[in-house]
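**Q** Next up is a structure, given as structure tokens.
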Amino acid sequence: MSIQALLNQYKELIDFTDKTQKSNFKWVSSFLTYQNKKHPNEDNESFMLDAIDVHKRYLLTRK
């Protein structure tokens with residue numbers, strides 16, 4: 001899966017009315033932009049998969 005597809009999947013999970021979730025999404029997006037500029041050959045797919053997994057666990061415990 002591409003990074004953009006994973007980022008879109010992560011974005012669908014985010015409740016942008018919640019400041020914490022919105023802030024986390026901004027941080028992840030900024031981190032990926034930085035990584036692509038500084039380390040273009042580095043694979044960020046595992047980072048995105050972990051971010052999605054952590055957010056899903058957060059949503060489960062929040063309900």
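The values are calculated or read from the model by the stated rules, or taken from the named source; none is laboratory data. Worth saying up front: this structure is predicted, and the values here are computed from it rather than measured. Glycine gets a Cβ as well: all are built from the backbone with ideal geometry, and neighbour counts include every protein chain shown. What goes into the accessible areas is simple: the full protein's heavy atoms, side chains included, and nothing from ligands, DNA or RNA. Shrake-Rupley method; radii C 1.70, N 1.55, O 1.52, S 1.80 Å.
**Q** With every protein chain left in place, what is the accessible area per residue of the chain in square angstrom, probe 1.4 Å?
**A** Each residue of the chain exposes 75 Å² on average to a 1.4 Å probe.
**Q** So, one more: Is it possible to state the helix-based mean residue ellipticity at 222 nm for the chain, with each DSSP H run of 4+ residues giving -39500 (n - 2.57), the sum divided by total residues, to the nearest 500 deg cm²/dmol? What is it?
**A** -26000 deg cm²/dmol
**Q** Hey, any idea what % of the chain's accessible area is carbon plus sulfur with a 1.4 Å probe? Don't skip to the end; give the middle numbers.
**A** Numbers: 2510 of 4730 Å².
Summing carbon and sulfur atoms, their accessible area is 53 percent of the total for the chain.
**Q** For the chain, what ratio Rg/Rh do Cα atoms give with a Kirkwood hydrodynamic radius?
**A** Details: Rg = 12.0 Å, Rh = 12.2 Å.
Taking Rh as the inverse mean 1/r over Cα pairs, Rg/Rh reads 0.98.
**Q** List the chymotrypsin sites (Phe, Trp or Tyr not before Pro) within the stretch 1-37 that fall in a DSSP loop (any state other than H, G, I, E or B) and whose Cβ has at most 11 other Cβ atoms within 10 Å.
**A** On the way: sites: Y10, F16, F25, W27, F31, Y34; in loops: F16.
Those satisfying the criteria are F16.
**Q** Spelling out what I want: for every residue of the stretch 48-62, take phi, set θ = phi - 60°, compute 6.51 cos²θ - 1.76 cosθ + 1.60 (Karplus), and round to whole Hz; glycine and proline get x.
**A** These are the phi-based 3J(HN,Hα) values: 5, 4, 5, 5, 5, 4, 4, 5, 4, 5, 4, 5, 5, 7, 7 Hz.
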